[in-house]
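The values are calculated or read from the model by the stated rules, or taken from the named source; none is laboratory data. Predicted, not measured: the structure shown is a model, and the values here were computed from it. With ideal geometry, Cβ positions are generated from the backbone for all residues, glycine too; neighbour counts draw on all protein chains shown.
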């Protein structure tokens, strides 16, 4: 019996030592992304700041995620005066194994960061002090952005009103609290962004920046289900809403997707939520709303929305009927 206890004790000690070594290796070695990407920030100007604002507010919807959303209105538009202050929680409702709070991206927090530090966080997922960000921040997508677009977004963030807001530390369950260190990757930025002249490549670029695929593609243990990309069915719970919302099938399937939608109909659906034209409607507790940031996307130009439609029509149609909402 004593021998058995000694063996068990020895095994436990070895396991503890192994865990300690693994933690040391992860802590000292990862994340591995190298230096910040080389980007020219010297050519600033009002036009570039305005373009950065458009990308951050309407395409990449950075401001939506890093502000307080008003869930008393349809699709949770940004509460005026909270732009960039962060703090909203992303938990298991969003598929996070734990709880992560959006960072403060105003100069109150980023003021001590260099432009390159901010660009590295956006495109590589690593903070100025070398910590790995959780990939609900889509840096694995943004690592393929164009250098000029990243620079424009950084220039715009510098113009935000500094808002003091202490962000709670994230809490991730094991083993994600360790694995998250290995997720950031070096950026592979484009020298120039595609343009409308590049055909569907431009729409593909915008679709990626808008993170359409992650929200419209089901996953199992963090991996997308093969053959169901863009086919919808991802479940969300809107704060204050008792039911379950599911993302739409946006493949060109004629029966269950957007195969019968015309380009004009697609554009009109988004522009119907453009806050500049249509203030978001009020939503009472328990009524159906949506986590889809319609008010952000609604501010996109019709040309850009049309380019996204053109790209989505090149996808293979996937038959996947989705029940948009289930009351509970």
**Conditions (1) on the phi < 0 side of the Ramachandran plot; (2) touching a residue at least 60 places away in the same chain (Cβ under 8 Å): number failed by residue 240** = (1)
**Residue count for region 224-233, restricted to those that are on the phi < 0 side of the Ramachandran plot and either modelled with pLDDT of 95 or more or over 16 Å from the mean Cα position of the chain (by Cα) (or both)** = 5
**Fill in**
Scanning region 187-203 residue by residue, those farther than 22 Å from residue 305 by Cβ and crowded, with 17+ Cβ neighbours inside 10 Å turn out to be 187, 189
**Fill in**
Of the residues in region 77-102, those that are in contact with a strand residue (DSSP E or B) (Cβ under 8 Å, 6 or more places away or on another chain), surrounded by 18 or more Cβ atoms within 10 Å (Cβ to Cβ) and at positive phi number 1
**Request:** Could you please give the count of residues in region 32-65 that are more than 29 Å from residue 76 (Cβ to Cβ) and either in a loop (DSSP other than H, G, I, E, B) or in the same structural domain as residue 292 (by TED's automatic domain parsing) (or both)?
**Result:** 14
**Prompt:** Could we say that residue 178 is over 19 Å from the mean Cα position of the chain (by Cα), surrounded by 15 or more Cβ atoms within 10 Å (Cβ to Cβ) and under 18 Å from residue 316 (Cα atoms) here?
**Reply:** no
**Message:** Quick check on my filter: what residues within region 254-273 are in contact (Cβ under 8 Å) with a residue 60 or more places away in the chain and more than 26 Å from the chain's Cα centre (by Cα)?
**Reply:** 254, 255
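For region 132-220, which helices (runs of 4 or more DSSP H) that fit wholly inside it have 2 or more residues that are in contact (Cβ under 8 Å) with a residue 40 or more places away in the chain and either more than 27 Å from residue 38 (Cα to Cα) or in contact with a strand residue (DSSP E or B) (Cβ under 7 Å, 6 or more places away or on another chain) (or both)? Let's see the steps before the verdict.
Values: elements: 139-142, 147-157, 176-179, 200-209, 212-215.
Fully inside region 132-220 and qualifying: 176-179, 212-215.
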**Asked** Which of (1) within 30 Å of residue 243 (Cβ to Cβ); (2) assigned to a loop (DSSP other than H, G, I, E, B); (3) more than 13 Å from the chain's Cα centre (by Cα) is the odd one out, the single condition residue 93 does not satisfy?
**Response** (2)
